[in-house]
1. Tell me, what ³J(HN,Hα) does each residue in the stretch 66-73 have, in order and in whole Hz, if you take phi through Karplus 6.51 cos²θ - 1.76 cosθ + 1.60 with θ = phi - 60° and put x for Gly and Pro?
2. Residues with amide H under 5 Å of residue 77's amide H, sequence separation 5 or more or different chain, H placed in the peptide plane at 1.01 Å from N; which?
3. Which whole-Hz ³J(HN,Hα) couplings does the stretch 7-18 yield from phi under the Karplus relation 6.51 cos²θ - 1.76 cosθ + 1.60, θ = phi - 60°, glycine and proline marked x?
4. Around residue 67, which amide H atoms from residues at least 5 apart in sequence, or from another chain, sit under 5 Å from its own amide H, with H modelled in the peptide plane?
Amino acid sequence: MIWMSRIRLRVLAFTVGLAFTAIALISWAALPVIPVISVAFAAVAVGVNHMTIRLKQPVCHGCGKPLGNAPSGQYGTICRTCGSFTQVGEPRGLAQASPEEPADEDEAAV
């Protein structure tokens, strides 16, 4: 190996070692931040759960009152309290299949 190649290899090894040392020191200095990040993630999870818990049952998006088994129209359900429309579930127009579609792939081939 030529003398200049050995010098370049040593400089490369020193540079890579220095970069790994810098990354290790930054990571070690950031260790106190880990509990803060975990508490922040837990707070976000609890907040999202608390905000979306009411969406399990159909509720009015205007006033927040439960809609119960109110009939749904083309544009949604009308709240009996405030009169606003709330889309609950899948819209009727999209839920119904068109009669032109064949029910089975074998029938389409015939």
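No lab work stands behind these numbers, since they all come straight from the coordinates. None of the values given here were measured: they were computed from a predicted structure.
1. Each residue of the stretch 66-73 in turn: x, 8, x, 9, 5, x, 9, x Hz.
2. So residue 77 has HN proximity to 86, 87, 88.
3. Values, residue by residue: 4, 4, 5, 5, 5, 4, 5, 5, 5, 5, x, 5 Hz.
4. 59, 60
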